[in-house]
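Next up is a structure, given as structure tokens.
The values are calculated or read from the model by the stated rules, or taken from the named source; none is laboratory data. Note that the structure is a prediction, hence the values are computed from the model and not measured. FYI the Cβ positions are ideal-geometry reconstructions off the backbone, even for glycines, and counts take in every protein chain you see. In case anyone asks, the SASA skips ligands and DNA or RNA and just uses the protein heavy atoms, side chains included. Shrake-Rupley method; radii C 1.70, N 1.55, O 1.52, S 1.80 Å.
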Amino acid sequence: MTEVPAGWYDDNEDPGWQRYWDGSSWTDQVQPKVLFDGILNLIKVFKGKEQRLVVTPNELWWGEEYVRWDEVVAFTQLTTTMSGIPYIHELVLQLHDRNVPMGFMARVKRDPIGDRAHALLIGLLRQTLGVRVLTGLMEMVDNGEPIRLGGLLFSPEGFTEEGKDDPMVPWSQYAGLEFGTADSIFISLFHTNDRGKRKRAAGVQTDMLRSWVIPPIVEEHARRYGSGGVT
């Protein structure tokens, strides 16, 4: 048998933690699993030139600020680009009792450490806050309530663009969803017309932070109401 060397390994009981293996058995020593630990260059509105960011699946440390992911109720983000390349990342984490602003350079001496940190933060916000948002929206679907999301309107009767005078497209005619990317994300919903041809029925421009939740909402509506109509 191959002996496993002593060290820190992922805890099978909690993927957000690591447990120490002493070479022969598991110990009671645990520590948070660190996903990122680095020094980021701050933008000018912050005091100082750099700050340490430590991220785990359950929490983060931004200098002296400590935040648990389950404390975040909302967030905003802005990425400034230069010649199409990310230059500055800004985030504001909204908690129940305070806001935590974060602003750092995207690249330092050709090392995109800021890009990696930003991608990780956005991914974790989707996994934690995003799950809560999606859960709330799915409860609205369960109750048959209309959902307004990113300029689109969804209901058991069908879908359309908000503010559009045309009647809603019934889910029985739904024929797919497509993403297009440029400066922002363009989402198109299609339907099958009376001649059996696939045509675009609705389209909106949105951003990465809102676009991710639209496909599961569309898929659930189509699954529930697409074949037999409103139930």
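How many residues are surrounded by fewer than 19 Cβ atoms within 10 Å (Cβ to Cβ), not aliphatic (A, V, I, L, M) and not in a helix (DSSP H, G or I) when one looks only at segment 104-131?
Adding up the residues that qualify gives 5.
Sticking with this structure for a sec: Search segment 32-47 for residues being in contact (Cβ under 8 Å) with a residue 40 or more places away in the chain and part of a loop (DSSP other than H, G, I, E, B), and hand back the single one that is surrounded by the fewest Cβ atoms within 10 Å (Cβ to Cβ).
VAL45
Every residue in segment 48-63 that is part of a strand (DSSP E or B) and either in contact with a Leu (Cβ under 9 Å, 6 or more places away or on another chain) or open to solvent by 50 Å² or more (accessible area, probe 1.4 Å) (or both), please.
GLU50, GLN51, ARG52, LEU53, VAL54, VAL55, LEU60, TRP61, TRP62
Then there's this: Look through segment 132-166, keep the residues that are among the polar types (S, T, N, Q) and not in a strand (DSSP E or B), and return whichever of them is farthest from the chain's Cα centre (by Cα).
ASN143
For residues that are closer than 18 Å to ARG116 by Cβ and aliphatic (A, V, I, L, M), tally how many sit in segment 45-75.
The qualifying residues number 4.
Going by the structure shown, is ALA6 out of contact with any Lys or Arg (no Cβ under 6 Å at 6 or more places or on another chain), small (Gly, Ala, Ser) and within 29 Å of VAL133 (Cα to Cα)?
It is false that ALA6 is out of contact with any Lys or Arg (no Cβ under 6 Å at 6 or more places or on another chain), small (Gly, Ala, Ser) and within 29 Å of VAL133 (Cα to Cα).
Across segment 22-52, what is the number of residues that are aromatic (Phe, Trp, Tyr) and farther than 17 Å from VAL92 by Cα?
2
May I ask you to list pairs of residues, at least six apart or on different chains, whose Cβ atoms are under 6 Å apart, with the first in segment 79-97 being under 23 Å from LEU60 (Cα atoms) and the second being in a strand (DSSP E or B) and small (Gly, Ala, Ser)?
GLU90/GLY103; GLN94/ALA74
Moving on. Restricting to segment 64-94, name every residue that is under 17 Å from the mean Cα position of the chain (by Cα), part of a strand (DSSP E or B) and closer than 16 Å to LEU124 by Cβ.
Scanning segment 64-94 gives ARG68, VAL72, VAL73, ALA74, PHE75, THR76, GLN77, HIS89, LEU91, VAL92, LEU93, GLN94.
Restricting the search to segment 192-225, which residues are open to solvent by less than 60 Å² (accessible area, probe 1.4 Å) and in a strand (DSSP E or B)?
Answer for segment 192-225, where residues must be open to solvent by less than 60 Å² (accessible area, probe 1.4 Å) and in a strand (DSSP E or B): THR192, ALA201, ALA202, GLY203, VAL204, THR206.
Still on this structure: Which of the residues belonging to segment 191-231 are touching a helix residue (DSSP H, G or I) at 6+ places or on another chain (Cβ under 7 Å), farther than 30 Å from GLU90 by Cβ and at pLDDT 85 or above?
Scanning segment 191-231 gives HIS191, THR192, GLU220, HIS221, ALA222, TYR225, GLY226.
Quick check: is even one residue across segment 53-68 over 27 Å from ILE88 (Cα atoms) and among the hydroxyl-bearing types (Ser, Thr, Tyr)?
Within segment 53-68, not a single residue is over 27 Å from ILE88 (Cα atoms) and among the hydroxyl-bearing types (Ser, Thr, Tyr).
Same structure, new question: What pairs come out if I take residues in segment 114-143 that are acidic (Asp, Glu) and pair them with residues that are open to solvent by 40 Å² or more (accessible area, probe 1.4 Å) and not in a helix (DSSP H, G or I) whose C-beta lies under 6 Å away, six or more apart or interchain?
These pairs meet every condition: ASP115/PRO86.
Oh, and also: For segment 157-171, state whether one or more residues are at positive phi, surrounded by fewer than 16 Cβ atoms within 10 Å (Cβ to Cβ) and at pLDDT below 90.
Among the residues of segment 157-171, at least one is at positive phi, surrounded by fewer than 16 Cβ atoms within 10 Å (Cβ to Cβ) and at pLDDT below 90, which makes the answer yes.
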